[in-house]
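A.B. asks: One structure, pasted below without further comment.
The values are calculated or read from the model by the stated rules, or taken from the named source; none is laboratory data. Keep in mind that this is a model prediction, so the values were computed, not measured. Note: ideal-geometry Cβ built from the backbone for every residue, glycine included; neighbour counts use all protein chains shown. These area figures cover heavy atoms from the full protein model, side chains too; ligands, DNA and RNA do not enter into them. Shrake-Rupley method; radii C 1.70, N 1.55, O 1.52, S 1.80 Å.
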Amino acid sequence: MTERVSARPWQAPVRELAARLRGAARVTVLTGAGVSAASGVPTFRGADGLWRQYRAEDLATTQAFARDPRLVWDWYAWRRETIASCRPNAAHEVLAAWTHRRPEWRVVTQNVDDLHQRAGTRALVRLHGSIWELSCWSRCATSPARWRDERVPLPDPLPRCPHCLGLARPAVVWFGEPLDPADVRQAGDRTVCDVFIAAGTSAVVYPAAGLLEAARARGAFTAEVNLEPTPASSGVDVAIHAPAEEVLAEIESML
Ligand code: OAD
């Protein structure tokens with residue numbers, strides 16, 4: 001007798017997660033760059049991740065911007081151009097549908113690409129800001145905290161604050177910067193849930209990575225959906241190592 005081996009070994013844990021979701025009132029999904037990978041947005045730490053080609057401290061810190069704003073803007077202009085041609089994939093679509101059907105099912109993202117918003121996700125918390133928003137580098141008194149600018153390419157390679165005409169910067173959170181306290185509070189509130197899923201995140205950047213631990217400590221059933229194991233894998237109730245866009249679509253078909 002031969003044992004029948006499933007072509008998709010992640011089927012059993014997917015079924016287990018789907019069963020948990022069927023009985024869950026409150027669900028929180030924390031997403032990372034891997035959820036946008038199938039849309040063509042480069043990840044940071046995956047196989048072709050950005051931090052394998054570039055040093056974060058040269059491009060994603062206030063020190064880097066102070067030293068060479070043109071270099072940092074060149075990099076963000078390139079990322080904006082890349083993201084502008086990307087469309088939401090099945091992972092974004094499924095998560096958006098959940099937030100419409102079930103208001104207590106929520107998404108918290110580390111992604112700055114806005115693909116969750118473009119898919120129509122309700123009540124999204126964006127922990128790291130948006131690449132489509134700018135803010136005044138010197139935080140002049142008259143400028144709003146941030147403003148929308150979706151132009152690609154940007155007409156001025158070094159965008160200006162419309163109020164003080166000084167330099168503008170991408171309104172994203174750089175390494176070493178604090179997150180918006182309102183976003184942190186909302187994300188923290190969402191760790192009170194029945195099921196917490198971390199999808200497409202390497203789970204190494206805090207405070208986002210701490211949300212999974214907080215949800216577990218508060219009694220949530222926890223799951224990871226990621227192409228490969230992460231530091232979070234050993235602590236979750238279910239670890240599914242497969243593409244998020246396939247897994248979430250499969251779960252949706254089981255709900
Ligand atoms: P990372 O690039 O660190 O991790 C993405 C994870 O997604 C990796 O573990 C990949 O294996 C996995 N992955 C790739 N494709 C996938 C797919 N189709 N399905 C499921 N998983 C897939 O991205 P984040 O965890 O989001 O912060 O990174 C967190 C933060 O670090 C980012 O927001 C950014 C970055 O530096 C700042 O810039 C402040």
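A.B. asks: Of everything in the range 127-137, what is in a loop (DSSP other than H, G, I, E, B) and open to solvent by less than 20 Å² (accessible area, probe 1.4 Å)? Give them in sequence order.
C.D. replies: If the condition is that a residue be in a loop (DSSP other than H, G, I, E, B) and open to solvent by less than 20 Å² (accessible area, probe 1.4 Å), then LEU127 is the only one that fits.
A.B. asks: So in the range 183-198, with the set limited to residues that are outside any strand (DSSP E or B) and small (Gly, Ala, Ser), which one is nearest to the ligand (Cβ to nearest atom)?
C.D. replies: ALA187
A.B. asks: State the number of residues belonging to the range 151-179 that are at pLDDT below 95 and of a type in the set (Asp, Glu).
C.D. replies: Residues flagged as at pLDDT below 95 and of a type in the set (Asp, Glu) within the range 151-179 amount to 1.
A.B. asks: Could you check the range 56-74 and list, in sequence order, the residues that are within 11 Å of the ligand (Cβ to nearest atom) and free of Cβ contacts under 8 Å to residues at least 24 places away in the same chain?
C.D. replies: The one that is within 11 Å of the ligand (Cβ to nearest atom) and free of Cβ contacts under 8 Å to residues at least 24 places away in the same chain: LEU59.
A.B. asks: Follow-up. Residue pairs, Cβ under 7 Å, 6 or more apart or interchain, first in the range 227-255 and polar (S, T, N, Q), second open to solvent by 20 Å² or more (accessible area, probe 1.4 Å) and more than 9 Å from the ligand (Cβ to nearest atom). List them.
C.D. replies: SER233/ALA239
A.B. asks: Look through LEU50, LEU124 and report the one residue that is more than 8 Å from the ligand (Cβ to nearest atom), among the aliphatic types (A, V, I, L, M) and either open to solvent by 10 Å² or more (accessible area, probe 1.4 Å) or outside the structural domain of TYR206 (by TED's automatic domain parsing) (or both).
C.D. replies: Details: LEU50 fails: more than 8 Å from the ligand (Cβ to nearest atom).
Answer to the check: LEU124.
A.B. asks: A follow-up question, please. How many of the residues making up the range 199-223 are assigned to a strand (DSSP E or B) and either open to solvent by 10 Å² or more (accessible area, probe 1.4 Å) or touching a His at 6+ places or on another chain (Cβ under 8 Å) (or both)?
C.D. replies: Adding up the residues that qualify gives 1.
A.B. asks: May I pose another question? Contact list please: Cβ distance under 7 Å, first residue in the range 204-220 and away from the ligand (no atom under 12 Å from the Cβ), second residue of a type outside the set (Lys, Arg) and at pLDDT below 95, pairs at least six apart or on different chains.
C.D. replies: Here the result reads ARG216/GLY235, each pair linking the range 204-220 to a residue that is of a type outside the set (Lys, Arg) and at pLDDT below 95.
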